[in-house]
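Contents: one structure, followed by commentary.
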C-alpha cells in the first residue's frame, strides 16, 4: 500500500466545540481507520503494564481504574502532540513530556504521583513510546479483517490514518490488513498529527473522495473525531473498552457494529476483488 509524505509544519489547537450527534445520511465511498486501539492493541495493554510496574514498587493499582484514567492522559497527549509532535522534540523534552504524562495518568487514577514515584514508574513502565512498531508487541482485534472484507465487498474504499511515529509496514503486512487498504497514511510520513486537517487530506486527496462521503473511526475523540469533523468527514468514536458511556458522540463498541451501521446505508453491493 502507498504512503503519503509532505513537509511538516502547522500548529494545531484541539477543541470539542465541533462535536454533535449528526452523521450525514446516505451512502459512503471511503471508511478510514485509526491504528492503535482501533485495529491493533499493545499486548499486554498499557494499563496492565502500568499496574505491573506499580506492583514492583509496592503500589496496588486497579487495572480498571487505570484504564478509565488513561482517557485523561490520552487527551493530554493529543493536545501536546498537536502543538508540537513529540517525535520532533529533543530527547530531554521528550522525557519531560513522558514524565508529565505519567504524572497526569497516576493523578487521574488516584495513585501516588510525587516526583520520585513518577520517575520510578516511568523507568519501569514500557509503553508504545518504548516499543518499536513490530508485530510481536501487538495483537490484531478479531473484528478487523471481517470488517474490512465486508466494506470492500460492498464497494467501499478503506484507508489507514494514524499518528504512528514510525513506519508501520511491518505491522500492516504481518497482520495482512494492508492488503485490504487503498492507502496507509501515518504522521511519520505526512509530518503532522491528527487532528491537523492535513493529516486527513493526505488520505482524501489522493483517493479523490468527497469528505462528506467518508467516515473516520478511531478511539480518541479529540484527535480522531474532532479532526475528521473539522474537514467535513463523518466520524464515529470506537469505544472498545466501554469508557465513554455518557458521550453524545456517535459511538460503537466494535468494528462489527460499525460495519453493520455503514452497510445499512449503502446501495446494492458491488463485489470488489
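Here is a list of conditions, (1) in contact with a helix residue (DSSP H, G or I) (Cβ under 9 Å, 6 or more places away or on another chain); (2) farther than 17 Å from residue 220 by Cα, and residue 71 meets all of them except one; can you say which number that is?
For residue 71, the exception is condition (2).
Could you please let me know if residue 104 is modelled with pLDDT under 95 and not assigned by TED's automatic domain parsing to the domain that holds residue 192?
no
Suppose we keep only residues that are assigned to a loop (DSSP other than H, G, I, E, B) and touching a residue at least 60 places away in the same chain (Cβ under 8 Å) within the range 205-239. Which one would you say is nearest to residue 40 (Cα to Cα)?
My answer is 219.
Taking the stated definitions as given, is residue 118 under 16 Å from residue 240 (Cα atoms) and modelled with pLDDT of 95 or more?
No: the conditions fail for residue 118.
I need the full set of residues from the range 226-249 which are out of contact with any helix residue (DSSP H, G or I) (no Cβ under 9 Å at 6 or more places or on another chain) and under 12 Å from residue 212 (Cβ atoms), in order please.
Correct list: 229 only.
Report yes if residue 205 is out of contact with any strand residue (DSSP E or B) (no Cβ under 7 Å at 6 or more places or on another chain) and closer than 13 Å to residue 30 by Cβ, otherwise no.
Working: out of contact with any strand residue (DSSP E or B) (no Cβ under 7 Å at 6 or more places or on another chain): yes; closer than 13 Å to residue 30 by Cβ: yes.
For residue 205, the condition - out of contact with any strand residue (DSSP E or B) (no Cβ under 7 Å at 6 or more places or on another chain) and closer than 13 Å to residue 30 by Cβ - is met.
So residue 163 clears everything in (1) surrounded by 18 or more Cβ atoms within 10 Å (Cβ to Cβ); (2) at positive phi except one condition, right? Which one?
(2)
Go through the range 38-73 and give me each residue that's more than 22 Å from residue 163 (Cβ to Cβ) and in a loop (DSSP other than H, G, I, E, B).
Within the range 38-73, 57, 58, 59, 60, 61, 62 meet the criteria.
What number of residues within the range 240-253 are in contact with a strand residue (DSSP E or B) (Cβ under 9 Å, 6 or more places away or on another chain), buried (at least 16 other Cβ atoms within 10 Å of the Cβ) and in a loop (DSSP other than H, G, I, E, B)?
Adding up the residues that qualify gives 3.
The values are calculated or read from the model by the stated rules, or taken from the named source; none is laboratory data. Source: prediction; values computed, not measured. Please note: Cβ atoms are built from the backbone with ideal geometry, for glycine as well, and neighbour counts cover all protein chains shown.
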